[in-house]
Every structure is written in structure tokens, then in C-alpha cells.
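J.: Before I ask anything, here is the structure I am working with.
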Amino acid sequence: MPAKKVILVTGSSGLVGHGLRAAIEQEGRRADEQWHFVTSKDADLRDRAETEALFDSIKPTHVIHLAALVGGLFRNLDHNLDFYRTNTQINDNVLATSHKNNVQKVISCLSTCNFPNKAKYPIDETMLHCGPPHETNFGYSYAKRMIDVQNKGYYNQHGRLYTSVIPTSVFGPHDNFNLQDGHVLPGLIRRAFDSKADGNPFVIWGTGSPRRQFIYSLDLGRLFLWVLREYNEVTPLILSAGADREISIKEAAELICETVGYHGEVIQDTTKSDGQFKKTVSNDKMRKYLPDFKFTPFKQAIKETCEWYAANSDKVRK
Ligand code: NAP
Ligand code: GDP
């Protein structure tokens with residue numbers, strides 16, 4: 001029997017952490033994997049001493065590093081410095097403490113908005129450092145790119161298998177439904193329910209023409225399990241459905257209104273930023289490893305997320 005993995009999951013109370021937990025429960029726990037799910041209440045990972053105390057108490061052999069300052073376009077716009085500094089601190093503490101504690105494997109999480117703004121589409125893993133990110137989220141993007149720099153350094157100097165994945169825009173249960181801080185789909189879901197209840201027009205921020213690839217948090221959780229067990233490259237891996245599933249914000253909004261059962265007036269607030277027009281990525285590398293992986297159909301995933309929001313709207317982050 002293989003040695004038991006002691007897996008520390010940072011940032012486990014968030015959207016992606018809950019997707020990972022759901023994937024583990026769906027599959028059934030394995031006897032050779034012991035999971036520890038932590039949040040900022042267990043340790044403020046900006047603080048080296050707290051990070052080291054956490055690792056001392058759990059003694060992980062593997063780390064899935066999700067903890068980060070995360071936000072949608074409008075939170076990033078006004079807080080680029082905070083996004084850079086906070087995420088740089090957290091990531092340096094987690095990677096350095098992992099190395100100090102002889103952790104065998106660390107999987108960190110980047111985002112497709114970290115890629116260069118001007119790119120040849122579809123974007124692939126080799127292009128991460130080939131030009132500046134979109135100016136709206138430069139702080140978050142440069143901090144996240146430095147994970148890849150550190151991973152390469154830990155491999156070159158110490159032979160460590162510290163790697164990263166790059167998912168597209170994630171959505172699902174336990175997302176952040178705060179309108180100013182959150183991402184587009186939870187914002188649209190919340191406003192569709194509100195418009196259905198109060199009869200006010202449903203508003204799409206921006207022109208609705210930017211395009212995005214979305215990944216359901218449960219699918220991302222299933223992919224994280226595979227990466228933990230099978231992916232042994234230091235270089236990043238894009239986790240995404242095919243480029244054919246890219247849709248406009250307007251199309252996503254229409255599906256959400258249909259799902260929620262809102263049939264009233266729809267207006268656009270074009271005083272709001274559109275952000276990056278698109279960041280279409282290729283999943284060719286992932287498909288070489290996982291040719292048969294089935295993503296949940298977008299419509300079904302939106303339905304499940306709307307049902308979860310309806311059942312939990314008094315408890316969600318908003
Ligand atoms: P989230 O819902 O905002 O959750 C963030 C998590 O990080 C929470 O568990 C939070 O703990 C923890 N955290 C924040 N600051 C911390 C600190 N100083 N010390 C310890 N823990 C801290 O974010 P998410 O969407 O799940 O994102 C998870 C990861 O996926 C991040 O690395 C993010 O960059 C990446 N990602 C997200 C998306 C997306 O669309 N959401 C897309 C691509 C990549 P508390 O609950 O205790 O505050
Ligand atoms: P991004 O993918 O990093 O740009 O971040 P978001 O998930 O915040 O998506 C931003 C895009 O969705 C922009 O084109 C916004 O104009 C548009 N959008 C429409 N409605 C909303 C909303 O309620 N919240 C957010 N965050 N963006 C919205």
C-alpha cells in the first residue's frame with residue numbers, strides 16, 4: 001500500500017475549496033489520503049510565524065494551496081496594490097514553509113486573467129510571462145505569475161515538485177455574491193433573483209460583449225484530485241473546457257434569467273467597465289492527459305448554482 005498522503009488545503013472555505021470538498025465526497029474518501037481543510041481562522045498566511053505553526057501542527061506531505069485575496073473586476077480595479085502585496089506574502093510563506101517542512105508536492109492556483117492581455121489565441125501555458133497582464137488586475141496577476149517563478153526556482157535549486165494549475169473563471173455554490181467584490185456570474189445570479197422579487201429591471205454591467213470560459217467548481221475539484229495524484233510537471237496546467245464553450249457575458253446573463261425565471265426588462269449599465277475583452281485559453285495540454293474528462297454542461301451547472309443560491313441566500317457572502 002502506498003504511503004499515506006497528508007494533504008493540507010489552504011483557503012478551503014472559499015468557492016474552489018468547497019468544490020474540492022464536494023468532489024472528494026462525490027468520489028468517496030481514499031484510505032491513503034488524510035485531508036486537512038484550513039481557513040484564515042487556522043492561520044493568517046500573510047504571517048510567517050502563523051504559517052509555520054500551522055505546518056508544524058499538521059505536518060503535511062502535500063499542499064493544495066487555494067488561499068488568496070480574490071475578487072472580480074471591480075474589486076481588483078481599486079485594490080491592485082493590496083492584491084499584489086497580500087498574495088505575494090501568502091504565496092511566499094506557503095511555498096517557503098512547504099520547502100522547510102519537506103512537503104513533497106504543492107499545487108498552487110493561478111488564473112487565466114494572469115496571462116498577457118495582448119496574446120495570440122488560444123493562449124497556452126507557455127505564454128504566461130510573454131507580456132503585461134490587463135491593467136485592471138495587474139497586482140493580482142503579477143503576484144500569481146511569481147508562483148510560477150518560485151516553482152521553477154524550487155525545482156532548479158532543490159528538486160521540488162511545486163506546480164500550479166490555471167483554471168478559467170470559476171463559479172458554483174459558496175461563491176462570493178457581494179456585488180462590488182465578486183465575479184460576474186454570482187453578481188448576475190443575485191441580481192436576477194432580486195429583479196424577480198422586486199420587479200426592477202435586471203442590469204448587466206458593461207456592454208455584455210466580453211467573452212469568458214467558465215468552469216464549475218465541482219469539475220475543478222475533480223480535476224484537482226487528478227492533479228494531486230497524477231500530474232508531475234512543474235510547469236502549469238490550464239484547466240478548462242474547450243474554447244468552443246466560451247460565451248459572452250450577455251449570453252450568460254440570458255441563461256441565468258431563464259434559469260431563475262425572470263422575464264422582465266433587461267438593461268445594460270455601460271458606465272461600468274468591460275475589463276478584459278477575452279482571454280481564450282487552449283485545453284490541449286489537459287486533453288493530452290485527460291482525453292475523456294467530462295465537464296458538467298454549463299446549463300446544468302448554472303441551474304445547480306441558482307438552486308444553491310435560492311436555498312442559501314440568507315447565509316451567502318454578500
Ligand atoms: P474565495 O472564495 O475568496 O476564498 C478564498 C480563501 O482564501 C478563503 O478560504 C479564505 O479564508 C482564504 N484566505 C484569504 N486570505 C487569507 C489569509 N490571509 N490567510 C489564510 N487564508 C486566507 O476564493 P476562490 O474563488 O475559492 O479562490 C481560490 C483560489 O482559486 C485562489 O488562489 C484564486 O486565485 C484561484 N482562482 C479563482 C478563480 C475564480 O474565478 N474564483 C479563478 C481562477 C483561480 P477565510 O474564508 O477564512 O477568509
Ligand atoms: P474578470 O473575468 O477577471 O474580468 O472578472 P469578472 O468575473 O468580474 O467579470 C467581469 C466582466 O463581467 C466585465 O465585462 C463586467 O463588465 C461584466 N459584468 C457584468 N455584470 C457583472 C457583475 O455583476 N459583476 C462583475 N464582477 N462583473 C460583471
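The values are calculated or read from the model by the stated rules, or taken from the named source; none is laboratory data. Please read all numbers here as calculations on a predicted model, not as lab measurements. Here the Cβ is made from the backbone with ideal geometry for all residues, glycine too, and neighbour counts use every protein chain on show.
J.: Kindly provide the set of residues from segment 247-281 that are of a type outside the set (V, I, T) and either at positive phi or within 16 Å of ligand 1 (Cβ to nearest atom) (or both), ordered by number.
T.: Passing the criteria: A252, G261, G275, Q276, K278, K279.
J.: Among the residues of segment 6-47, which ones are more than 14 Å from ligand 1 (Cβ to nearest atom) and charged (D, E, K, R)?
T.: Correct list: E25, E27, R29, R30, D32, E33.
J.: Here is a check on your reading of the model: is E258 in contact (Cβ under 8 Å) with a residue 60 or more places away in the chain, surrounded by fewer than 18 Cβ atoms within 10 Å (Cβ to Cβ) and either of a type outside the set (S, T, Y) or under 30 Å from N156 (Cα atoms) (or both)?
T.: no
J.: Report yes if some residue within segment 153-170 is of a type in the set (A, V, I, L, M), in a strand (DSSP E or B), under 15 Å from the mean Cα position of the chain (by Cα) and closer than 30 Å to A53 by Cβ; otherwise report no.
T.: Yes - at least one qualifying residue is present in segment 153-170.
J.: Conditions first: (1) away from ligand 2 (no atom under 12 Å from the Cβ); (2) out of contact with any helix residue (DSSP H, G or I) (no Cβ under 9 Å at 6 or more places or on another chain); (3) not charged (D, E, K, R). F224 passes all but one, so which condition is the exception?
T.: (2)
Condition check ((1) over 18 Å from G72 (Cα atoms); (2) modelled with pLDDT of 95 or more; (3) small (G, A, S)) across all residues:
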site	(1), (2), (3)
I249	no, yes, no
C257	yes, yes, no
H263	yes, yes, no
I267	yes, yes, no
G275	no, yes, yes
L290	yes, yes, no
F298	yes, yes, no
E307	yes, yes, no
S313	yes, no, yes
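J.: Could I ask something else about it? In segment 181-196, is there at least one residue being surrounded by fewer than 21 Cβ atoms within 10 Å (Cβ to Cβ), within 15 Å of ligand 2 (Cβ to nearest atom), more than 18 Å from the chain's Cα centre (by Cα) and without any contact (Cβ under 8 Å) to a residue 40 or more places away in the chain?
T.: yes
J.: So, one more: Can you tell me how many residues in segment 41-79 are among the hydrophobic types (A, V, I, L, M, F, W, C) and either at pLDDT below 95 or touching a strand residue (DSSP E or B) at 6+ places or on another chain (Cβ under 6 Å) (or both)?
T.: 5
J.: I need the full set of residues from segment 180-212 which are closer than 19 Å to T259 by Cβ and within 16 Å of ligand 1 (Cβ to nearest atom), in order please.
T.: G182, H183, V184, L185, P186, G187, L188, I189, R190, R212
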